[in-house]
Amino acid sequence: MRFIRSIIVFLYTAASVVPVATALLVISLFVNSHRLWWLFVRPWLASVIWVARWVGGVRYRIRGLENLPERSDNQRIILCAKHQSTWETFFFPSMMPHPLAYVFKRELLRIPFFGWSMARLEMVHIDRSARSEAWNKVATLGVQLMDRGKWIIMFPEGTRAPRGGQGDYKTGASRLAVATGASVIPIAVASGRCWPRRTWRFIPGTIDVSIGEPIKPLPDQSPSELMVQIEDWIEREMRLIDAEAYPDSDPIKQAIERGRKAEFLRASSYEAPDFDSAETSTDEDTR
């Protein structure tokens, strides 16, 4: 039964992307990417998350929504998130109050319909084999997009990590933050519990998401120092929201985390907020 449910979610995602992407490509000839986001991207991704929840049994629980700046706040923001599965790449755009600009490998642009649509949106696609050129592109486009009201989102580990695992945190996000003065919002997400990497088979359950307070680069703080701060928060929070995935953690710390777990559950919300996305793109928003 679990396999059948997973197939239904997969088929919905694959089938629905074709008409949505086709409409987006046509409408993109007449409106800017900011409007495309609210008209197509956010609603479609939210529908995938909804189907995954009600068909696949993948629920979610969020803590820290108060740490997200409001929609009217145009400060520069970089989201720096744990990456365990495809789930968060769908979820974050569906619930954030600002359009997101992903930094991603350019090979994704070759995916029919999905990749073609991404090419019409204001995002940062890079050639990972040319690191210097890639960084220059991130730095140049990053500040431009943030000043247009978009939030940059990056996965510092670079690729999906297995549940309970930890990749090598790259300094791309912290370099951009130091260079632009942007605040970094760290996010821990235990998606590997319900949607493991490299598979479309779901495990019914609840994905915990924890959003940290914005971290502002300090004067003279290096990108490496800032990334250590970001990594420390994310990895400590992962051991709180998914403690069973880290059995080798210090037992005293585990006891403390179990005590904090009750606090986490009490402060959590099952639903993403409604930011009244549909009727919002104004000329001021898209400047």
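The values are calculated or read from the model by the stated rules, or taken from the named source; none is laboratory data. Predicted model only: the values in this text are computed from it and were never measured. When we count neighbours, we look across all protein chains shown, and the Cβ atoms used for this are built from the backbone with ideal geometry, even at glycine.
Listing for the model above:
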{"item": "Qualifying position, being at pLDDT 90 or above, among the small types (Gly, Ala, Ser) and in contact with a Lys or Arg (Cβ under 9 Å, 6 or more places away or on another chain), among 164, 181, 212, 158", "result": "181"}
{"item": "Qualifying residue in the stretch 266-278 (condition: modelled with pLDDT of 55 or more, under 22 Å from the mean Cα position of the chain (by Cα), surrounded by 13 or more Cβ atoms within 10 Å (Cβ to Cβ) and part of a helix (DSSP H, G or I))", "result": "no"}
{"item": "Matching entry among 120, 175, 148, 106 (being closer than 29 Å to residue 246 by Cβ and touching a residue at least 12 places away in the same chain (Cβ under 8 Å))", "result": "175"}
{"item": "Residue satisfying condition, being of a type in the set (Val, Ile, Thr), in contact (Cβ under 8 Å) with a residue 12 or more places away in the chain and over 21 Å from residue 206 (Cβ atoms), within set 51, 55, 41", "result": "41"}
{"item": "Residue in the stretch 111-125 that is assigned to a helix (DSSP H, G or I) and at pLDDT 95 or above present", "result": "no"}
{"item": "Selection status of residue 70, part of a loop (DSSP other than H, G, I, E, B), without any contact (Cβ under 8 Å) to a residue 60 or more places away in the chain and acidic (Asp, Glu)", "result": "yes"}
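Here's the yes/no breakdown for (1) surrounded by fewer than 19 Cβ atoms within 10 Å (Cβ to Cβ); (2) in contact with a strand residue (DSSP E or B) (Cβ under 8 Å, 6 or more places away or on another chain); (3) farther than 19 Å from residue 224 by Cα; (4) among the polar types (S, T, N, Q):
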| position | (1), (2), (3), (4) |
| --- | --- |
| 114 | yes, no, yes, no |
| 117 | no, no, yes, yes |
| 135 | yes, no, no, no |
| 138 | no, yes, no, no |
| 143 | yes, no, yes, no |
| 160 | no, no, yes, no |
| 173 | no, yes, no, no |
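Results for (1) within 30 Å of residue 74 (Cβ to Cβ); (2) free of Cβ contacts under 8 Å to residues at least 24 places away in the same chain; (3) over 16 Å from the mean Cα position of the chain (by Cα); (4) part of a helix (DSSP H, G or I), shown as yes or no for each residue.
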{"position": "162", "(1), (2), (3), (4)": "no, no, yes, no"}
{"position": "166", "(1), (2), (3), (4)": "no, no, yes, no"}
{"position": "184", "(1), (2), (3), (4)": "yes, no, no, no"}
{"position": "187", "(1), (2), (3), (4)": "yes, no, no, no"}
{"position": "206", "(1), (2), (3), (4)": "no, no, yes, no"}
{"position": "224", "(1), (2), (3), (4)": "yes, no, yes, yes"}
{"position": "236", "(1), (2), (3), (4)": "no, yes, yes, yes"}
{"position": "240", "(1), (2), (3), (4)": "no, no, yes, yes"}
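Quick grid of which residues meet (1) of a type in the set (Asp, Glu); (2) under 14 Å from residue 191 (Cβ atoms); (3) in a strand (DSSP E or B); (4) more than 17 Å from the chain's Cα centre (by Cα):
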| position | (1), (2), (3), (4) |
| --- | --- |
| 25 | no, no, no, yes |
| 37 | no, no, no, no |
| 78 | no, no, yes, no |
| 83 | no, yes, no, no |
